[in-house]
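Asks: A single structure is presented below for examination.
The values are calculated or read from the model by the stated rules, or taken from the named source; none is laboratory data. Treat the numbers as computed from the prediction; the structure is a model and nothing was measured. No Cβ is skipped: glycine too gets one built from the backbone with ideal geometry, and neighbour counts run over all protein chains shown. Each accessible area value is taken on the protein alone, full model and side chains, heavy atoms only, with ligands, DNA and RNA left out. Shrake-Rupley method; radii C 1.70, N 1.55, O 1.52, S 1.80 Å.
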Amino acid sequence: MEFKSINPYNGEQVGLHTALTEEALVEKLNRSQVAFESWRKVPLAERCRLLKKAGQVLRDHVEAYAKMITLEMGKPILESRSEVNKCAWVCDYYAENAPGFLADESITTDADKSFVRHDPIGSVLAIMPWNFPFWQVFRYAAPTLTAGNTGLLKHAANVFGCAQQIEDVFAKAGYPPYVFQNLIVDHDQTEVIISHNAVKAITLTGSERAGSSVAEIAGRHIKKSVLELGGNNAFIVWEDADIDKSVKIALTARMLNGGQSCIAAKRFILMEGIYDEFVQKFTKAVKDLKPGDPLDENTTIGPLARLDLANQLNKQVQESVAKGAKLLLGGDQKGCYHEPTILGDVKPGMAAFYQETFGPLAAMVKAKDIDHAFQLSENSNYGLGITVCTKNTEKALKYASSLSDGAYFINELVKSDPRLPFGGTKNSGYGRELAKDGMMEFVNRKAVYVKH
């Protein structure tokens, strides 16, 4: 089997990748298990040194890696560079903080000595998406490898070029062979990989359907899984908010990466008193976006990564309009490019309200008051993150404990940051990435008890 990587902007072939045979796949899995036995014994200081070097490799080759991201999935080159540099940041973060995270935790008991130590568990399989093809991988790999595990990557088929470059980053940094391996395989090989003795845990970022399937397979084999799935984030604007500032934040929150992000703001829940002003200013800001070749430095909005994604978004727009939403801007699609689109008067029951819209579609929703806004926000099967824009931050903080999402940001877009745990609730998945929490997901927290 061969996988073609296609540039979504012009339809040209970027690369051709040959799937592993079953024998070659099993060989890679066996090598991962053997590599783990030696890698786990490498001193932590050396693992941190190599991770720091990986960050430098990313910076040294930022142009080549950014170009591959843009060619394979279509995001503007400026955003691709930022993604690569963010990966270097997460490498630096764990290189500096891993010794503290992995240190023994002393606990007072009736023993002469008792503590918790943190041991690696084995090979961890990552099933990763195309939308942030470098970042999603590095935010898993940096803590997982540094904890002493080995890594296996099953990337999305349309970004296999990025996957090979990521494997190359670790090779250039000096990691031992087979500590991190890229697997060119189709979805039908997933259970073969998960069931292998080398694989001790699985992390997946992707759709609900993919997450449910992988969790079921992992459950049958009694293996831990971490799922980071979809989102339908609310962006709530109170009447006292600085509207100009809120619009600027909102534009990035929705249109970054062409809106192809689980943590993008999708439902803009606006107090009735500021609804018209916000919509007017937001519409003007969206009109100023510059479509075009994503390799052009001036392009600020590119195509969607695949034709089926653009078709799906257009279908959601049409269904919402048919149920009474007002088409305020955009709505047209040409191939993989879908115009940045704004829908007004969106209500529960419309596709633009209850479904995840993975593209440049902003749904404007009216709220009677603050409590109503949060009721609308909670009216979702997802629980990834919420933004609240207001000058009264103390009042906004009082709502944090009553909301179910995994993140609550005030006057800022929801974003992943190496220093903060990242993950959701409900259909957005379970487990946490990043910060100390992300490193703890794939270690054996071993209780040690000593009496003389």
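Asks: Name the residue that is nearest to R139 (Cα to Cα), counting only residues in the range 77-92 that are open to solvent by 30 Å² or more (accessible area, probe 1.4 Å) and not basic (K, R). Full working, then the answer.
Replies: To start, the set of residues in the range 77-92 that are open to solvent by 30 Å² or more (accessible area, probe 1.4 Å) comprises 78-79, 81-82, 85-86, 89.
Now narrow it down to the ones that are not basic (K, R): 78-79, 82, 85, 89.
Working: L78: 20, E79: 17, S82: 14, N85: 12, W89: 10 Å.
Looking at the filtered set, the residue picked out is W89.
Asks: Has the range 425-433 got any residue that is modelled with pLDDT of 95 or more, over 19 Å from A253 (Cα atoms), among the β-branched types (V, I, T) and in contact with a His (Cβ under 6 Å, 6 or more places away or on another chain)?
Replies: From the range 425-433, those modelled with pLDDT of 95 or more are 425-433; that's our starting set.
From what's left, over 19 Å from A253 (Cα atoms): 425-427, 429-433.
Of the ones still in play, those that are also among the β-branched types (V, I, T) are 425.
Right, trim to in contact with a His (Cβ under 6 Å, 6 or more places away or on another chain) and you get none.
No, the range 425-433 has no match at all.
Asks: Looking at A64, is it within 30 Å of D308 (Cα to Cα) and in contact (Cβ under 8 Å) with a residue 60 or more places away in the chain? Steps first, answer last, please.
Replies: Values: within 30 Å of D308 (Cα to Cα): yes; in contact (Cβ under 8 Å) with a residue 60 or more places away in the chain: yes.
So A64 fits the description; yes.
Asks: Can you find even one residue in the range 364-385 that is surrounded by 18 or more Cβ atoms within 10 Å (Cβ to Cβ) and acidic (D, E)?
Replies: Scanning the range 364-385 turns up no residue that is surrounded by 18 or more Cβ atoms within 10 Å (Cβ to Cβ) and acidic (D, E).
Asks: Show the residue pairs meeting these rules: Cβ distance below 7 Å; 6+ apart or different chains; first residue within the range 105-122 and of a type in the set (F, W, Y); second residue open to solvent by 20 Å² or more (accessible area, probe 1.4 Å).
Replies: F115/D104; F115/E105; F115/S106; F115/I107; F115/V448
Asks: A follow-up question, please. Answer yes if at least one residue in the range 243-251 is modelled with pLDDT of 95 or more and closer than 21 Å to G424 by Cα, and no otherwise. Break it down stepwise before answering.
Replies: Quick first cut of the range 243-251, residues modelled with pLDDT of 95 or more only: 243-251.
Going one step further and asking which of them are closer than 21 Å to G424 by Cα, we end up with 250.
Within the range 243-251, one or more residues are modelled with pLDDT of 95 or more and closer than 21 Å to G424 by Cα.
Asks: Of the residues that sit in the range 386-398 and are touching a helix residue (DSSP H, G or I) at 6+ places or on another chain (Cβ under 9 Å) and not aliphatic (A, V, I, L, M), which one is surrounded by the most Cβ atoms within 10 Å (Cβ to Cβ)?
Replies: Within the range 386-398, the match that is surrounded by the most Cβ atoms within 10 Å (Cβ to Cβ) is T387.
Asks: Only one of (1) farther than 28 Å from P76 by Cα; (2) in contact with a Cys (Cβ under 8 Å, 6 or more places away or on another chain) is not met by R117, so which one is it?
Replies: (2)
Asks: Condition first: within 21 Å of A24 (Cβ to Cβ) and open to solvent by 10 Å² or more (accessible area, probe 1.4 Å). Now tell me which residues in the range 122-152 satisfy that.
Replies: I127
Asks: Looking at K281, K315 in this structure, which one is among the basic types (K, R), more than 30 Å from D371 (Cβ to Cβ), at pLDDT 95 or above and out of contact with any Pro (no Cβ under 8 Å at 6 or more places or on another chain)? Spell out the reasoning first.
Replies: Details: K281 fails: more than 30 Å from D371 (Cβ to Cβ).
On inspection, the qualifying residue turns out to be K315.
Asks: Considering only helices (runs of 4 or more DSSP H) fully contained in the range 352-452, which possess at least 3 residues that are free of Cβ contacts under 8 Å to residues at least 40 places away in the same chain? Talk me through it step by step, then tell me what you get.
Replies: On the way: elements: 370-378, 393-397, 435-440.
Hits in the range 352-452: 370-378, 393-397.
Asks: I've got another one for you. For F132, only one of the following conditions fails: (1) of a type in the set (F, W, Y); (2) within 26 Å of E83 (Cα to Cα); (3) touching a strand residue (DSSP E or B) at 6+ places or on another chain (Cβ under 6 Å); (4) in contact (Cβ under 8 Å) with a residue 60 or more places away in the chain. What is its number?
Replies: That leaves (3) as the condition not met.
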